[in-house]
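One structure coming up, written as structure tokens, with questions to follow.
Read-outs: derived from the displayed coordinates by stated rules, not from any lab. All values reported here derive from a predicted model rather than from experimental measurement. No Cβ is skipped: glycine too gets one built from the backbone with ideal geometry, and neighbour counts run over all protein chains shown.
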Amino acid sequence: MDYAPNGSLRQCYPKGVRLPLACVTAYVKQAASALHYAHDQRLIHRDIKPENMLLGRNNELLISDFGIAVFAHSSLSESTQQVVGTAAYMAPEQLQGKPRPASDQYALAIVAYEWLCGERPFHGNLTEIATQQMFTDPLPLREKVPDIPLAVERVIMTALAKDPRQRYSTILDFATALECSSESIPRPTQAMLDPKSPMFSQVLVVRSNDSALAVTHSSTTSKEQANVDSPAGKTGRKLFAAEGIKKQQVFYVALGVLLYTLSSNFVLLIHLPPVHGSELLWILPTLVIPVAFGIIYGFWAGLVTGGLGYFLGSYISIVIRSNTVSSSSISFLTLSALPLPWYFHLGVLSTGSIAGLAIIVTKGRYQSIQNIAIAELFSVIGILSGFFIVFNSFWPHLYPNESVLIDFTHIALPNMMLVLILLPILLTIHGRFNTGKRPPVP
């Protein structure tokens, strides 16, 4: 486990302490990101509470105590499990011995409720709390803290629905909805989230008997911060976050460009009977490189890897006109040995970039079969788009007197099949090397 030198959030915020909405949103978003990753691995934590939320060296939130976590069942009718956890944070279905990923969302919503108003929604002994969890709706937050926005209250109450099917579809959706409902609240600074900072005790911690929540206006109102918090800055940040382009990923994109520059020109031609006829399969094995880099790192990674790598490869590669004898049924060529028109570059560029849109749906997580299938779907759409950009009626075909259908069966189809086979292998290898790493928190 990572060492958490700053203790738990319960130690930082004892019972009865209220937090500003901006800080609650920040903590919920980090916790939801970690739990969403666990849910992707089919793990249910079952004991989310402030005591099990630790602060690391850089005050990042770490979810601990997976000792009673269980594997989620694929069926909605969960098998009965032993009832374990902390009653004050347990969802109704968990009290019935049927936990599911939505149970962690319910527990996190109770934690958020407690942070916002200074107390949990239900009180009493174990039996009384369990009964209230099952049958009693929590008091609306605004009855306890009138300053809380109505939209925030609705998000929390949705996540606290008794029926897990009425909650958000994923815990990450809950965190996103909470963030969107509190867009007008000032964002917390690093000093606000640092227990060792003087600002932490002066501004962040507010006792429950105070009349209003503390709204922090940080003194670090620099021009850079203003640009980040402006509507244009928010839009740009969300776009790049959704597409997965971050500073630490520039190296990997550059690596993808290098790999595709060195390999993009190689083509495998398989001659079909009759050997001297026009029936050939054009296979580009390295097309999987821009597709994979786009799917793993996002739209811009696929765009740069495919577009720049193919462009450089077309002009730098060594020309190998043929590496076979005339009687052989297999030939290895480079595209630079062929008179390819400019729109081939446009086709490869679109293939990688369209495949990169998969990260918006999958969030860059490919440990599940469902997300790998989504990645393959986007790769197929990317290859088809690139094919129809190259082969259409607006400009002459590479081969005269051939129809688009023949080109599809001899070029697009074999390359789609090859990518569908190689892509899961590459995503699995990537997942192996990234096992144990937490997904990035936006």
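For the charge dipole of region 1-66, defined by +1 on Lys and Arg C-beta atoms and -1 on Asp and Glu C-beta atoms about the Cα centroid, which residue among ILE63, VAL28, TYR3 has the Cα displaced farthest towards the positive pole?
VAL28
Suppose the chain between ARG365 and GLN11 were pulled fully straight at 0.36 nm per residue; how much longer would it get relative to their current alpha carbon spacing?
124.2 nm
Return the Rg/Rh ratio of region 14-54 with Cα-based radii and a Kirkwood Rh.
Reported Rg/Rh (Cα atoms, Kirkwood Rh): 1.03.
Provide the net charge surrounding ALA375, with neighbours chosen by a C-beta distance below 12 Å and charges set as Lys +1, Arg +1, Asp -1, Glu -1.
Working: positive: LYS363, ARG365; negative: GLU376.
Surrounding charge for ALA375 is +1.
What distance in nm lies between label points placed 7 Å from Cα along the C-beta direction at PHE135 and PHE66?
3.8
Shifting gears a bit: Name the long-range amide H neighbours of ARG18: under 5 Å, sequence gap of 5 or more, or other chain; modelled H, no Pro or chain starts.
VAL206, ARG207, SER208
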